[in-house]
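Here is the structure we will look at.
Throughout, read-outs are computed from the coordinates displayed, never taken from laboratory work. Please read these numbers as outputs of a predicted model, since none were measured by experiment. Here the Cβ positions follow ideal geometry from the backbone for every residue, glycine too, while neighbour counts run over all protein chains shown.
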Amino acid sequence: MTLEIAFFGVIGALVVGTIGAAMRISPAAPARAAATAFTEFFRNTPPLVQIYFLAFALPKLPGIGPHLILPAVVAATLGLVLHQGAINVEILRAGLQAVPEGQREAAAALGLSRLDQLRYVLVPQAVRISLPALGNNVISLFKNTTLVSSIGVLDLFGEANDVIAQILVSAELFLTVGVVYLICVTLLGTLFRALEKRLAFG
Amino acid sequence: MHSYLVAIPSLVRGLGTTFELAIAAMACAVALGFVLGTLRSMAPRALDLPLLGIVEFFRGIPLLVLMYFLFFGLPQLGLRTSNNAAAIAALAVYAGALASEIVRGAIVSIPLGQTEAAAALGLGRFAILRLVVIPQALRRMLPPFVALFALIVESSSLAALIDVTDLLQAARQNVERDPDVALPIYLTVLVAYFVVNYPISLASQRLEKRLT
């Protein structure tokens, strides 16, 4: 369960981040404003509160509310996607703006459309620049998956809590769970450093 | 509407607790960060390794697991902790590990020539650190420390899950009493966190631009 949530969370957050970053550097002011508002709001509010909002407050919306009763897993994953996605927007925007202006001008001179400039020239370079920060964000998302247990999803942490409720040996179990997370986080960190080396310029 | 208005005072009290948690944790984290960070910037490689291990451990373990361990796990080993103390301690060691990286990074970023010049003037190791390196490093630490405070405020919401009556827990209690106020209450809580955290992260960005 933890791995599933982390998997969909990472993909969702990358999609949100890419779309948001493209909007942040768009020439259209309303798109920029919308992306900025989204990013600042979800970056500056706790993911746990976002999850609670999605799970418990959204269904109370007058009118459409009853159609918005999300399964707990979906609400939890969505909350993580919004928070970490907003952080990804900032990371990728910084990456895109770090690509020298000449690259975009050259791509425009070759007759590439705006979308193609992004797709073939800007994003591949921005991703390399942003990779260390993106990697940290993936790790942070992985650790934040523990929050989903608080609305009743049985992830690794939720399972441990369940077992503890039955047999009451919490200290050892929390330690075990902590170590499992730690191993995963260390593996992820190693993976990203290897990826950075692979993709490094030159 | 009525039960929403009734909820306001408890939310304000909750926000007060959130601030208390965040400020106490920040103070401990800064102290911890300075001790660990300075040690790491000076320690020889063999000594640095265990310190690095400690930092990576507390950075890598999810905060919620740490909090649960301190609150539910420690009493089993014979150490009683109150909810607030467990929450503050968990936030403090987690943020302390991050703070130590900030301190170490800032110290290491000060050009070696500064240390050498101070040594040439006959200053001892600690005098160099205290009078030459740290005053310069402080400027570089300030923006990430401000950002760290925003992260602590945000992360302090996890304390609600071990029954600390912070802002989120106050909201949960009100919603439990009357599920119909869930929408306005949780919206208020989201906005409250945003109103607190947005200026802090703006300040951090401004400082970053100005000081570097």
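The modelled label-to-label distance for the pair A:Glu4/A:Ala133, using points 7 Å beyond Cα in the direction of Cβ, is 3.3 nm. Distance from the C-alpha centroid of the stretch B:103-152 to that of the stretch B:66-94: 33 Å, rounded to the whole angstrom. The phi-based Karplus calculation (6.51 cos²θ - 1.76 cosθ + 1.60; θ = phi - 60°) puts the 3J(HN,Hα) values of the stretch A:115-132 at 5, 5, 4, 5, 5, 9, 10, 7, 4, x, 6, 5, 4, 4, 5, 7, 3, x Hz, whole numbers, x for Gly and Pro. Among A:Ala108, A:Ala13, A:Ala126, which one shows the highest mean-square fluctuation when chain A is modelled as a Gaussian network with alpha-carbon springs under 10 Å? Per the Cα network of chain A with a 10 Å cutoff, A:Ala108 tops the list. Site pair B:Arg125 and A:Ala194 shows an inter-label distance of 3.8 nm when each label is modelled 7 Å from Cα along Cα→Cβ. Taking chain B, how much of its Cα-Cα pair set, in percent, is spaced more than 20 angstrom apart? Looking at chain B, the distances longer than 20 Å represent 64 percent of pairs. Which values of log₁₀ I(q)/I(0), to two decimal places, follow from the Debye formula for the stretch A:1-160 at q = 0.09, 0.11 Å⁻¹ with a uniform point scatterer at every Cα? Results for the stretch A:1-160 at q = 0.09, 0.11 Å⁻¹ read -0.35, -0.50. Counting only alpha carbon atoms, the long axis of helix B:45-60 and the longest principal axis of chain B meet at about 20°. Taking amide H positions as modeled 1.01 Å from N, with prolines and chain starts lacking one, no residue 5 or more places away or on another chain lies under 5 Å from A:Thr45. Each other residue within a Cβ distance under 12 Å of B:Val153 adds +1 if Lys or Arg and -1 if Asp or Glu, for a net charge of -3. Summarising the label geometry, the points placed 7 Å from Cα in the beta-carbon direction at B:Gln173 and B:Ala117 lie 5.7 nm from one another. Around the amide H of A:Ser26, modelled in the peptide plane, lies no amide H under 5 Å away from a residue 5 or more places distant or on another chain.
Considering only the other residues whose Cβ falls under 14 Å of the Cβ of A:Ala22, what net charge follows from Lys and Arg at +1 and Asp and Glu at -1? Taking every other residue near A:Ala22 into account, the sum is +4. Listed values for the stretch A:71-79 are Karplus-derived 3J(HN,Hα) couplings in whole Hz (6.51 cos²θ - 1.76 cosθ + 1.60, θ = phi - 60°), namely x, 3, 4, 5, 4, 5, 5, 4, x, and x replaces Gly and Pro. Computed 3J(HN,Hα) for the stretch B:95-102, one whole-Hz value per residue from the Karplus formula 6.51 cos²θ - 1.76 cosθ + 1.60 where θ = phi - 60°, is 5, x, 5, 5, 4, 5, 5, 4, glycine and proline marked x. Of A:Thr36, A:Thr18, A:Thr77, the residue with the greatest mean-square motion in the GNM of chain A, using alpha carbon springs below 10 Å, is A:Thr36.
Note on the protein assembly as shown: Cα Rg divided by 2.2 N^0.38 Å, N the number of residues, gives 1.05. For chain A, find the longest principal axis of its Cα atoms and tell me its angle to the long axis of helix A:2-24, 0 to 90°, nearest 10. Orientation of helix A:2-24: about 30 degrees from the principal axis. Where in the stretch A:1-38 is the amide nitrogen less than 16 Å from a point lying 7 Å along the Cα-to-Cβ axis of A:Leu187? Hits in the stretch A:1-38 for A:Leu187 at 16 Å: A:1-8. GNM remark for chain B: springs join alpha carbons under 10 Å apart, and the peak mean-square fluctuation among B:Leu187, B:Leu138, B:Leu66 falls on B:Leu187.
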